[in-house]
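Student: Dropping a structure here in C-alpha cells format, bear with me for questions.
The values are calculated or read from the model by the stated rules, or taken from the named source; none is laboratory data. Since the structure is predicted, the reported quantities are computational estimates derived from the model, not experimental observations. Positions of Cβ are backbone-derived with ideal geometry, glycine not excepted, and every protein chain shown enters the neighbour counts.
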Amino acid sequence: MTKLTRIISVLVCAAMLAGCAGAPAAATAEPQAQAPAAQAPEATAAPTESPATETPAEDVTIKVSLWDAETSPTFTSVINAFEAKFPNIKVQPIDTVAADYTNKLSVMLNGGSEVDAFWIKDADTIFGMVNKGQTEDLSSRVAASGVNLADFNGLADSFQIDGKLVAMPFRTDYYVLFYNKAVFDAAGVPYPTNDMTWAQFEETAKLITAGEGADKKYGAHFHTWQACVENWGVQDGKNTILSSDYSFFKPYYEMALRMQDVDKTALDYATLKTSNIHYSSQFYSGNVGMLPMGTWFATTLIDKIKSGESTATDWGIATLPHPEGTEAGYTVGSTTPIAINSASTKKDAAWEFINFVTSEEGAKTIAKDGAFPARLNPDTLSIIVSADGMPEGAADALTVKNIVLDRPIADKVTEINQMLGEEHGLIMLGELSVDEGLAEMAERAAEILK
Amino acid sequence: MKEPSRSAKIGLYAALCVICPLTLLPLAWMLSSSLKLDKDVFTIPIQWIPAIPQWGNYIKIWEKIPLGVFTFNTFKLTIIITLIQLFTCSFAAYGFSKCRFKGRDALFLCYVATIAIPWQVYMLPQYTMMNKMHLVDSHMSLILLHSFSAFGVFLMRQFMVSIPNELLEAARIDGLNEYGIYARIILPLSKPALASLSIFTFVTIWNDFMGPMIYLNTTEKKTIQVGIRMFISQYSAEYGLIMAASILSLVPVFTLFIAFQRFFVEGVATSGLKG
Amino acid sequence: MQKKAFGLETRETLVGLSFILPNFIGFAVFILAPVLFSFYLSVNSWDGFRPMEFVGLDNFVQIFKDRVFKRAMVNTLQFSVFTIVFTLVASLALAMMLNQKLKGIAIFRSAIFFPYVASIVAVAVVWNMLFQKDYGPINAFLRFLGMVNPPGWTASTKYALPAVIIVVIWKNMGYYMVIYLAALQGIPPELHEAAMIDGASAIDRFRHVTLPMLTPTTFFTVMMLTINSFKVFDLIYAMTEGGPGQATTLIVNYIYNQAFVSWNYGKASAASMVLFALVATVTIIQFRMEKKWVSYM
C-alpha cells in the first residue's frame, strides 16, 4: 500500500468515527426535537389585544395548507378575493393531492412545519389534532370579531371541544337525491318529490328499472362507500356511528340487499367493487334513475354535461328520501373546517384569513363556484341554484331542515369508520348476514372504544 | 452464451408467446383508457377499443398541469440519485465483500435491518430532521433521502461476493492497490449488476410518489407522479388523463431498460476471467 | 511478526472502512438514525407530537391482543410463504429462458419486466376483470375444466388472498428476473464447459453449476422477497382495500393504520419489530448458509 493511501485511510477513519458518533447523537436528538413543538400549545398568544378589524400594518405572508388547487377553483378564488381585500397579507398555498392530504397535513403539523392555517379534509380527523394541542382556540377571536356562530346552521357547534372553538366551518356538503328525468319519462313515472320516504324510493326504483344486459336502466344506485347505506341509519339524528348496538342500520342493509339481489333494481356491490365502477360514470351514461349522493356532485355533473361527456342531460334534484317517522328535510352531511396552527407565529394574519373565508363575503365567493358554504342561507343558496345548468326546483330541494354529521367529531371515530367499512363489505357481499354483520360491528366497536 | 438448438428455440418462443400477452394486458388497458372519456374507462365488460378515441387527452395533460416542469424535475432527481447510488453503493459493496475487517458483518446487518423496517414507521422522525435542517420543500431532501440506499449496497455486495478472489490476488501481485482493483477489475466485471441497479434505482425514483408528496410543497418543484395524482381530485378522477400521463411516463423507463438489458447477454462479466 | 500482523489488520480495516464511508455517512444520518429511533419508539407511547412516555413491552402486549393484528399476522405469513417460493421459482425460470441469444430478446424481457412498472390502477382493474366471478376468463377456464362452482376471488373472503398472491407474484417476477439475469452473467463459462466435458447433462449442470453459483443472488432474492412481501401495500389496497373484511389485510396495513389513523407510533413500531424479528431470523440463517456454500467468502 502506498503512503498516500495510508494517509487517506487514516483521514477516512477519523471521519468515520465522527460519523459513528454522529449517528447515535442524531437518534437521541429526535425525542428532544419534539420538545419545542410540544411547548407550543402553551404559547396561546392572547388575541384579545388585537381588534379583528385592524389588519397588521406590516406585510405578512401566511402559509395555508389546502388540496386540489390545480383542479378545483374553490380555494383559489377565495384566496384571491382575500388578497384583493387585504393587500398586505399574502397567502402562500401548500397544495397536496386530495387522496393524501390528511396524511401530509398531519406529517407537517407533527414535524414542525411552518404552516399557519389549514383546511381539514375529513372533519373527524381534527379530533387527533385537538388532543395534541395543534389547533388554536378561536373563541376569543370569534367574540372580538363579532362573528355569530348561529349563522353556520349548527355546524360550528361540532367544533366546540372542551370549551374551545378549534376550527371554523368553511363549506358543507349533504346528501340529496339526483335523478335522471329520461329514465322516469321512459317508464311514465312521476319524478321524485322532496317528501319521499325510503320505502317509496325502493318502490319507485322497481317501477323505473327496465331493460337487460348492457342497456339495463337501474332504478337506483348505491355507491360502494358504507356511507351510502349506513348514512340513512343515522339520518334521523337519533344515533351516531359511535354505538354499542348498530341495529339502526338494519332496515337499510335489508333494503340495499333486496334491491341488489332480489329486485335487481340496483347494480350489486360485488360488481361495482371488482369493476371499479364510479357512481358518476353510471349516472353520466344514463344507466341510473336515482342516485343518493352528496351536493358536491352537482357542479361536476353540470361541467360534464357542458363538455358533452354526460349523455344524461335532463336531470333533477330532490331532497334525500327520509325514514318513516322522520320529517322530510333531515339529511346527512359533512363539513370542511379551517383551523389555525397553534404553533403559528402569524396568528393574527391567519385569523384575518379564516375570518374572511368563513364570512358572508367568502361564502358568496365560493358559492359562485358551486361550492356549498357552511354559511348556508337563502342568499348563498340562491347564488348556487342560479348557476347555469342547475335544474328547476333545486332551491326547494336543497333547502333542508337539519344536517346530521355523517361522522361525529369525537375520539376514535376514524377507527370506528374503518371498521364499519370492513363489515359493510362483508354484509354487501353476502359473506355475513345482516344480523351477523351488525353483531360483529358492535363487538368490534366495543373493543375500539374500550 | 451459446445459440440454443432449433427445437429449443421453438419451445422458447411458444412459451414466451403465452406469457407475454398476460404481462402486457395492463399496457393494453392503459393505452385504451388513455384514449377514453372518464365515464368510459371503467365499464362492464371492459371495452378494449374506445368508441371515439380521445387523442385530445394527450394534449390536455400538458395544459391542465405543468407537466413539462414536472418531467424536468423528475429527470433531474432520478439522474442525480442514480449516479450517486451507483458510485457509493458499488464502493461500499467492495468494502463489504472484498475487504476483511472487524465488525464488517455487523455493519452489513445494520444495512439489511433498515430495509426490513417499513418506511411508515420512521417517516415522521425523518421529516422532523429534514425540517430542522431546512431542507423540506427542496430537491436536496429527496436526494439525501434516496442516495444512500441499503438496497443498492446489498445488491452490489451479493454480486461481488461471487467474483473469484483469485482474480484480486493476481492483481495485488501485479501491484494494484485496493482502489485500483475496485476501479480496474471489479467495476468492469460488475457491469451486469450495475445495469440492474441503474434500472431499479431509476424506476424507483421515477415512480416514487410518497417522497415528493411529503417533502415538496411548491408546485414548481413537484414530480410527474405527484402530477398524475393531481388528476384525482376530492370528488372525481380523470382516468383518461391519468392513463395518458402514465403511458408517457413509461417511455423513459423502457428506453433505459432496453438500453441496459444488453448488459445481460454479452457476457461482460465472464469475459474478464479468460484474460 | 505479531506486531506486523496487527498492523496489517489495522490497515485492512482502514481500507475497508474507507470504501464503506461515502455511503455510510449519508446512510447513518438519513436512514439508520431514524430507524434506530423507531426501535426506541416500540417501547414508548407516542402520538407523533407530544412528549413520549416509556411503556416497556406494553405495545407488544397490546398488539398481540388485537384481533386485527392477529388476523394480519396469519395473512402475512401465508402471503409471504407463497409469494416468496413462487416468485423465486418463476423469476429464475424466466431468467434461464431469457438468458439466450434469441431474436427480439429485448422485447420479451421488457414485456416480462412491464408488470413491475405498470400503473397499479391498471393492474388492479385488469386482474379484477380476469378474476370476475361470472364472466371472467379465469372462471370460464375453470368451468371448462369441469369446476361447477368456481370461486368469487377478490369478492370472497376465502379466495381474495390467493387472488392477491397470484397478482403479486405476476407483478414482481420480472424484477427478480432482472437480478437473476445479471447474476447469470457472472458464472464463468469454463465451469459449464468443464462439466460438459465430464458428460454432465443440462439438468446436472443446472443443479451442480448454475444453482451453487447463484447462491449469493438467491440469498439476496429471498431476503428482498421476504422483506418486500412484508411491505406490499399499494397493489393490495388498489385491488381489495385489504378486504373483503380483513381477508387481505397484512401487517403493513396494520402498521399504516396505527401510524396514520390512530396516531399510535409505539404500536406501529412494535408491529414492525415483529416483522423485523422475522426478517432477522431469515437473514441470519441465510448468512450462515451463504458462508458454508460460497467458496469465495
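Student: How many of the residues in the stretch A:114-156 are touching a strand residue (DSSP E or B) at 6+ places or on another chain (Cβ under 6 Å), aliphatic (A, V, I, L, M) and not in a helix (DSSP H, G or I)?
Tutor: Total meeting the criteria: 4.
Student: Give the residue that is nearest to residue A:134 (Cα to Cα), with candidates limited to residues of the stretch C:23-49 that are within 7 Å of another protein chain (Cβ to nearest Cβ) and of a type in the set (Gly, Ala, Ser).
Tutor: Keep residues of the stretch C:23-49 that are within 7 Å of another protein chain (Cβ to nearest Cβ), which gives C:23-38, C:47-49.
Checking the rest, the ones that are also of a type in the set (Gly, Ala, Ser) come to C:26, C:28, C:33, C:38, C:48.
Details: C:26: 32, C:28: 31, C:33: 26, C:38: 23, C:48: 12 Å.
In this case the residue turns out to be C:48.
Student: Restricting attention to the stretch C:226-260, and to residues there that are small (Gly, Ala, Ser) and closer than 14 Å to residue C:164 by Cα, which single residue is surrounded by the most Cβ atoms within 10 Å (Cβ to Cβ)?
Tutor: C:242
Student: For residue B:45, are the conditions met, namely being in a loop (DSSP other than H, G, I, E, B) and in contact with a Lys or Arg (Cβ under 9 Å, 6 or more places away or on another chain)? Reasoning before the result, please.
Tutor: Working: in a loop (DSSP other than H, G, I, E, B): yes; in contact with a Lys or Arg (Cβ under 9 Å, 6 or more places away or on another chain): no.
So residue B:45 fails the test.
Student: Hey, any hits in the stretch B:40-59 for a residue that's within 11 Å of chain A (Cβ to nearest Cβ), of a type outside the set (Asp, Glu) and loosely packed, with under 12 Cβ neighbours inside 10 Å?
Tutor: Yes, the stretch B:40-59 has at least one match.
Student: Would you tally the residues in the stretch B:8-32 being under 25 Å from the mean Cα position of the chain (by Cα) and hydroxyl-bearing (Ser, Thr, Tyr)? Walk me through how you get there before you give the answer.
Tutor: Going residue by residue through the stretch B:8-32, those that are under 25 Å from the mean Cα position of the chain (by Cα) are B:16, B:19-31.
Subset that is hydroxyl-bearing (Ser, Thr, Tyr): B:23.
Residues in the stretch B:8-32 being under 25 Å from the mean Cα position of the chain (by Cα) and hydroxyl-bearing (Ser, Thr, Tyr): 1 in total.
Student: Going through A:326, A:399, A:358, A:345 one at a time, which residue ends up being more than 24 Å from residue A:183 (Cβ to Cβ), at pLDDT 95 or above and not aromatic (Phe, Trp, Tyr)?
Tutor: Going through A:326, A:399, A:358, A:345 in turn, the sole match is A:358.
Student: Taking residue A:353, is it under 24 Å from residue A:124 (Cβ atoms), more than 14 Å from chain C (Cβ to nearest Cβ) and more than 20 Å from the chain's Cα centre (by Cα)?
Tutor: Values: under 24 Å from residue A:124 (Cβ atoms): yes; more than 14 Å from chain C (Cβ to nearest Cβ): yes; more than 20 Å from the chain's Cα centre (by Cα): yes.
When the stated conditions are applied, residue A:353 passes them.
Student: Check whether at least one residue in the stretch A:220-230 is under 18 Å from the mean Cα position of the chain (by Cα), at pLDDT 95 or above, crowded, with 18+ Cβ neighbours inside 10 Å and β-branched (Val, Ile, Thr), and report yes or no.
Tutor: yes
Student: Residues that are under 30 Å from residue A:99 (Cα atoms) and over 17 Å from the mean Cα position of the chain (by Cα): does the stretch C:201-217 have at least one?
Tutor: Keep residues of the stretch C:201-217 that are under 30 Å from residue A:99 (Cα atoms), which gives none.
No, the stretch C:201-217 has no match at all.
Student: From the list A:349, A:397, A:442, A:410, which one is in contact (Cβ under 8 Å) with a residue 24 or more places away in the chain and part of a loop (DSSP other than H, G, I, E, B)? Reasoning before the result, please.
Tutor: Numbers: A:349 fails: part of a loop (DSSP other than H, G, I, E, B); A:397 fails: part of a loop (DSSP other than H, G, I, E, B); A:442 fails: part of a loop (DSSP other than H, G, I, E, B).
Selected residue: A:410, the only one of A:349, A:397, A:442, A:410 that is in contact (Cβ under 8 Å) with a residue 24 or more places away in the chain and part of a loop (DSSP other than H, G, I, E, B).
Student: Please note which helices (runs of 4 or more DSSP H) are completely contained in the stretch C:156-221 and include at least 3 residues that are hydrophobic (A, V, I, L, M, F, W, C), within 13 Å of chain B (Cβ to nearest Cβ) and touching a strand residue (DSSP E or B) at 6+ places or on another chain (Cβ under 9 Å). Write out each step before concluding.
Tutor: Details: elements: C:160-184, C:189-197, C:202-205.
It comes to none.
Student: Within the stretch A:125-143, does at least one residue satisfy the condition of being crowded, with 24+ Cβ neighbours inside 10 Å and within 30 Å of residue A:192 (Cβ to Cβ)?
Tutor: No: zero hits.
For every residue, the table says whether it meets (1) part of a helix (DSSP H, G or I); (2) more than 30 Å from residue C:273 (Cβ to Cβ); (3) not acidic (Asp, Glu).
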site	(1), (2), (3)
C:64	yes, no, yes
C:70	yes, no, yes
C:79	yes, no, yes
C:89	yes, yes, yes
C:95	yes, yes, yes
C:102	no, yes, yes
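Student: Moving to a separate point now. Looking at A:374, A:395, A:387 in this structure, which one is crowded, with 17+ Cβ neighbours inside 10 Å and small (Gly, Ala, Ser)?
Tutor: The match here is A:374.
Student: While we're here: Grab the helices (runs of 4 or more DSSP H) fully contained in the stretch B:177-272, keeping just those with 1 or more residues being touching a residue at least 12 places away in the same chain (Cβ under 8 Å), in contact with a Pro (Cβ under 8 Å, 6 or more places away or on another chain) and not polar (S, T, N, Q). I'd like the intermediate steps shown before the answer.
Tutor: Working: elements: B:178-181, B:191-207, B:210-215, B:224-229, B:239-260.
Hits in the stretch B:177-272: B:191-207, B:224-229.
Student: State whether one or more residues within the stretch C:117-125 are more than 8 Å from chain B (Cβ to nearest Cβ), in contact with a Leu (Cβ under 9 Å, 6 or more places away or on another chain), among the small types (Gly, Ala, Ser) and surrounded by 24 or more Cβ atoms within 10 Å (Cβ to Cβ).
Tutor: No, the stretch C:117-125 contains no residue that is more than 8 Å from chain B (Cβ to nearest Cβ), in contact with a Leu (Cβ under 9 Å, 6 or more places away or on another chain), among the small types (Gly, Ala, Ser) and surrounded by 24 or more Cβ atoms within 10 Å (Cβ to Cβ).
Student: Filter the stretch C:268-279 down to residues that are more than 7 Å from every other protein chain (Cβ to nearest Cβ) and farther than 22 Å from residue B:210 by Cα and give me whichever is farthest from the chain's Cα centre (by Cα). So that I can check it myself, show each step before the final result.
Tutor: First pass over the stretch C:268-279, keeping only residues more than 7 Å from every other protein chain (Cβ to nearest Cβ): C:270-271, C:273-274, C:277-278.
Filter once more, so that each one left must be farther than 22 Å from residue B:210 by Cα: C:270, C:273-274, C:277-278.
On the way: C:270: 20, C:273: 17, C:274: 16, C:277: 15, C:278: 12 Å.
If we take residues in the stretch C:268-279 being more than 7 Å from every other protein chain (Cβ to nearest Cβ) and farther than 22 Å from residue B:210 by Cα, then C:270 is farthest from the chain's Cα centre (by Cα).
Student: Here's another thing I want to ask about it. Consider the stretch C:79-106. How many of its residues are surrounded by fewer than 21 Cβ atoms within 10 Å (Cβ to Cβ) and either under 13 Å from the mean Cα position of the chain (by Cα) or of a type in the set (Val, Ile, Thr) (or both)?
Tutor: 8
Student: Looking only at the stretch C:136-147, which residues are assigned to a loop (DSSP other than H, G, I, E, B) and more than 10 Å from chain A (Cβ to nearest Cβ)? Spell out how you get there, then give the answer.
Tutor: Step one: filter the stretch C:136-147 for residues assigned to a loop (DSSP other than H, G, I, E, B), giving C:136, C:145-147.
Result: C:145, C:146, C:147.
Student: Filter the stretch B:97-114 down to the residues that are surrounded by 18 or more Cβ atoms within 10 Å (Cβ to Cβ) and either more than 8 Å from chain C (Cβ to nearest Cβ) or touching a His at 6+ places or on another chain (Cβ under 8 Å) (or both) and list them by number.
Tutor: Residues satisfying the conditions are B:97, B:98, B:108.
Student: Could you identify the single residue in B:143, B:117, B:80 that is crowded, with 24+ Cβ neighbours inside 10 Å, in contact with a helix residue (DSSP H, G or I) (Cβ under 9 Å, 6 or more places away or on another chain) and either under 19 Å from residue B:202 (Cβ atoms) or free of Cβ contacts under 8 Å to residues at least 24 places away in the same chain (or both)? Break it down stepwise before answering.
Tutor: Numbers: B:143 fails: crowded, with 24+ Cβ neighbours inside 10 Å; B:80 fails: crowded, with 24+ Cβ neighbours inside 10 Å.
Among B:143, B:117, B:80, only B:117 is crowded, with 24+ Cβ neighbours inside 10 Å, in contact with a helix residue (DSSP H, G or I) (Cβ under 9 Å, 6 or more places away or on another chain) and either under 19 Å from residue B:202 (Cβ atoms) or free of Cβ contacts under 8 Å to residues at least 24 places away in the same chain (or both).
Student: For the stretch A:433-450, which positions are surrounded by fewer than 20 Cβ atoms within 10 Å (Cβ to Cβ), in contact with a helix residue (DSSP H, G or I) (Cβ under 8 Å, 6 or more places away or on another chain) and facing chain C (nearest Cβ under 10 Å)?
Tutor: A:440, A:444, A:447, A:448
Student: Identify all residues within the stretch A:357-371 that are surrounded by 19 or more Cβ atoms within 10 Å (Cβ to Cβ) and not polar (S, T, N, Q); write none if there are none.
Tutor: A:357, A:362, A:363, A:366, A:367, A:370, A:371
Student: Filter the stretch A:66-82 for residues that are closer than 25 Å to residue B:222 by Cα and more than 9 Å from every other protein chain (Cβ to nearest Cβ) and give the result. Can you show your working first?
Tutor: The first filter runs over the stretch A:66-82 and keeps only residues closer than 25 Å to residue B:222 by Cα, leaving A:66-80.
Those that are closer than 25 Å to residue B:222 by Cα and more than 9 Å from every other protein chain (Cβ to nearest Cβ): A:66, A:73, A:74, A:75, A:76, A:77, A:78, A:79, A:80.
Student: List the number of the failed condition for residue B:94; all other conditions in (1) free of Cβ contacts under 8 Å to residues at least 60 places away in the same chain; (2) at the interface with chain C (Cβ under 7 Å from one of its Cβ atoms) hold.
Tutor: Status for residue B:94: all satisfied but (1).
Student: Assess whether residue C:60 counts as being in contact (Cβ under 8 Å) with a residue 60 or more places away in the chain, under 30 Å from residue B:84 (Cβ atoms) and surrounded by fewer than 20 Cβ atoms within 10 Å (Cβ to Cβ). Break it down stepwise before answering.
Tutor: Details: in contact (Cβ under 8 Å) with a residue 60 or more places away in the chain: yes; under 30 Å from residue B:84 (Cβ atoms): no; surrounded by fewer than 20 Cβ atoms within 10 Å (Cβ to Cβ): yes.
When the stated conditions are applied, residue C:60 does not pass them.
Student: Quick check on the stretch C:251-261. Is at least one of its residues at pLDDT below 85 and more than 20 Å from the chain's Cα centre (by Cα)? Let's see the steps before the verdict.
Tutor: In the first step, residues of the stretch C:251-261 are kept if they are at pLDDT below 85; the result is C:260-261.
From what's left, more than 20 Å from the chain's Cα centre (by Cα): C:260-261.
Yes.
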